[in-house]
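Have a look at the structure below before the remarks.
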Amino acid sequence: MPIKNILIVDDSPTDRQYLSDLLSKSGYQVTTAESAEQALEQVKQHRPDLVLMDVVMPGQNGFQATRVLSKDSATKDIPVIICTTKGQETDRVWGMRQGARDYVVKPVNQADLLAKIVALG
């Protein structure tokens, strides 16, 4: 199933805007959430085709939210790409263990992110 609707989860208004603009200009429908808790609610209501998940956020972090989504039978088929400043290999491995399908380090390389989204579609 091709990816059309993407939920961006990031507590940074700048990052949300940047990713929203990038993905909208590439033809995707974009919704945003400012926290992991808000994202989990939106995923249940709107069923996006993909979630772009930041890690470092107040409250629940992106690793925890990714784990919740990947373990829930209702949401486990929605791919998550972690999109974070945490660029250590151990962070990437941990993110993948939580159920993420891919991992992108900020600042985001536009072509790289778009290629990863197409590969999941």
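Figures for the structure shown
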quantity: Those residues of region 86-121 which are closer than 18 Å to Thr75 by Cα, part of a helix (DSSP H, G or I) and without any contact (Cβ under 8 Å) to a residue 40 or more places away in the chain, in sequence order; calculated: Met96, Arg97
quantity: Top-ranked residue in region 79-103 [being of a type in the set (Val, Ile, Thr) and surrounded by fewer than 18 Cβ atoms within 10 Å (Cβ to Cβ); ranked as farthest from Val118 (Cα to Cα)]; calculated: Thr90
quantity: Test set (1) touching a strand residue (DSSP E or B) at 6+ places or on another chain (Cβ under 8 Å); (2) assigned to a loop (DSSP other than H, G, I, E, B) - Thr75 fails condition number; calculated: (1)
quantity: Of all residues in region 2-41 being small (Gly, Ala, Ser) and free of Cβ contacts under 8 Å to residues at least 40 places away in the same chain, the one that is farthest from Gly59 (Cα to Cα); calculated: Gly27
quantity: Within region 31-54, considering residues that are of a type in the set (Gly, Ala, Ser) and not in a helix (DSSP H, G or I), the one surrounded by the fewest Cβ atoms within 10 Å (Cβ to Cβ); calculated: Ser35
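Each value in this text was obtained by applying a stated rule to the coordinates, not by laboratory testing. From a predicted model like this one, the values you see are computed outputs, not experimental measurements. FYI the Cβ positions are ideal-geometry reconstructions off the backbone, even for glycines, and counts take in every protein chain you see.
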